[in-house]
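The values are calculated or read from the model by the stated rules, or taken from the named source; none is laboratory data. Just so we're clear, the structure is a prediction, and the values are computed from it rather than from any experiment. In this analysis, Cβ positions are derived from the backbone assuming ideal geometry, glycine residues included, and neighbour counts consider all displayed protein chains. Just the protein is used for accessible areas: all its heavy atoms, side chains included, with ligands, DNA and RNA removed. Shrake-Rupley method; radii C 1.70, N 1.55, O 1.52, S 1.80 Å.
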Amino acid sequence: PNIEAAVLRAGDTVLATALTAREGRLPERLLAPIFEGQRRPRGHLLPQTLSAHAGLFDAPGLGFTRIVRLAVHPAARGHGLGRRMVHALAEQAATAGHDLFGASFGATPGLLRFWRRCGLLPVQLGSHRNAASGAHAAVVLGPLSAAGSQLFDSARQRLLQRMTVMLNGPLRQTEPAVIAELLRGTPAGEPPLDADERRELIAFVDASRGFEAVLPALHRLTRIALPRALDDDALSPEQAAALITCILQQRDWNQVVHLLDLPGKPALLSTLRTAVSVLREHGPDAR
């Protein structure tokens, strides 16, 4: 009963179709059981995921519209009809008094870019790969009300904090291109580098200080500057992948060399030094 169908038509020709689900607005007595993983009410994927997995206790109490499926006719793709339909459905959800509008899907760089163009930003990435798709489940959201904006801002703020921990654990083998799309534009929420950290980074870029000795400062710089650098396309895909795999995921050197198709560790270190130089010069918080 919470599912609705919508179509986008030109005359009698159906160009696109979507299924949406109304979720959330659950009673207060369920907030703690959902947060603790004891209750999983059917038909409430977004608020349950945000509470039980992203740590947003109040999420199930808000009203959500979730896009369950979205399809554009093959002959009509590439003309912005999917985005047009998403925007129309978001307007309907806002008119209906819902707080948030979103979707959940197997994360790929292309899908994350599509939803970003639709105005929906990542707020959560599952720690395990889906058995069917082989991808981690991502959640994207857009706020529709003041209460929705508050939860959305909190989720965006927490994403980078959570990801930088998870990337050296359950998400260590996640594709760097997926991580890069997730981190674009996320707020850093921490103080800028101090003078000693800046000296360490200069020494690393000049090859007078080794990677392991500077890793804490590299990690701080990456957390602070990488999201903005990605948002501004200041890094090449190879440079972004090197920062993510070597600093945030701390993968084995040989694995990264193979992943990036580089001739060896010296080439990887050169790529890292160039990328760190870009981050140092990118944005006032990184200087």
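Can you find, within the stretch 231-258, the residue that is farthest from Arg172 (Cα to Cα) among those that are in a helix (DSSP H, G or I) and in contact (Cβ under 8 Å) with a residue 40 or more places away in the chain? That would be Asp231. The residue that is modelled with the lowest pLDDT, among those in the stretch 57-89 that are open to solvent by less than 20 Å² (accessible area, probe 1.4 Å), assigned to a helix (DSSP H, G or I) and among the hydrophobic types (A, V, I, L, M, F, W, C), is Ala76. The set of residues from the stretch 179-201 being touching a residue at least 40 places away in the same chain (Cβ under 8 Å) and more than 17 Å from Gln250 (Cβ to Cβ) comprises Glu181, Leu182, Arg184, Gly185, Thr186, Pro187, Ala188, Pro192, Leu193, Arg198, Leu201. Take the stretch 93-141 and flag every residue that is out of contact with any helix residue (DSSP H, G or I) (no Cβ under 9 Å at 6 or more places or on another chain), surrounded by 15 or more Cβ atoms within 10 Å (Cβ to Cβ) and of a type in the set (S, T, N, Q). Within the stretch 93-141, no residue meets the criteria. Thr186 passes every criterion in (1) assigned to a helix (DSSP H, G or I); (2) of a type in the set (Ser, Thr, Tyr); (3) within 16 Å of the chain's Cα centre (by Cα) apart from (1). Just give me the residues in the stretch 128-169 being among the small types (Gly, Ala, Ser) and under 24 Å from Leu218 (Cα atoms), in sequence order. Scanning the stretch 128-169 gives a single hit, Gly169. Kindly indicate which of Arg172, Arg184, Arg156 is of a type in the set (Lys, Arg) and open to solvent by less than 40 Å² (accessible area, probe 1.4 Å). Of the residues listed, the single one that is of a type in the set (Lys, Arg) and open to solvent by less than 40 Å² (accessible area, probe 1.4 Å) is Arg156. Taking into account only those residues within the stretch 98-140 that are outside any loop (DSSP other than H, G, I, E, B) and hydroxyl-bearing (Ser, Thr, Tyr), which is nearest to Val165 (Cα to Cα)? Result: Ser127. Can you spot a residue in the stretch 193-205 that is in contact with a Leu (Cβ under 7 Å, 6 or more places away or on another chain) and either farther than 19 Å from Leu243 by Cα or not hydrophobic (A, V, I, L, M, F, W, C) (or both)? No, the stretch 193-205 has no match at all.
Leu226 - would you say it is in a helix (DSSP H, G or I), without any contact (Cβ under 8 Å) to a residue 40 or more places away in the chain and touching a helix residue (DSSP H, G or I) at 6+ places or on another chain (Cβ under 8 Å)?
Judged against the criteria, Leu226 is not a match.
Restricting Arg25, Arg40 to residues that are at pLDDT 95 or above, open to solvent by 80 Å² or more (accessible area, probe 1.4 Å), more than 20 Å from Pro122 (Cβ to Cβ) and touching a helix residue (DSSP H, G or I) at 6+ places or on another chain (Cβ under 8 Å) narrows the list to Arg25. Picking from residues in the stretch 15-43 that are among the polar types (S, T, N, Q) and without any contact (Cβ under 8 Å) to a residue 60 or more places away in the chain, the one that is nearest to Ile3 (Cα to Cα) is Thr17.
The residues on offer are Leu167, Leu171, Leu218, and the sole one that is touching a residue at least 24 places away in the same chain (Cβ under 8 Å) and either over 13 Å from the mean Cα position of the chain (by Cα) or under 28 Å from Gly61 (Cα atoms) (or both) is Leu218. Restricting attention to the stretch 43-52, the residues that are open to solvent by 10 Å² or more (accessible area, probe 1.4 Å) and either farther than 15 Å from Phe105 by Cβ or touching a helix residue (DSSP H, G or I) at 6+ places or on another chain (Cβ under 7 Å) (or both) add up to 4.
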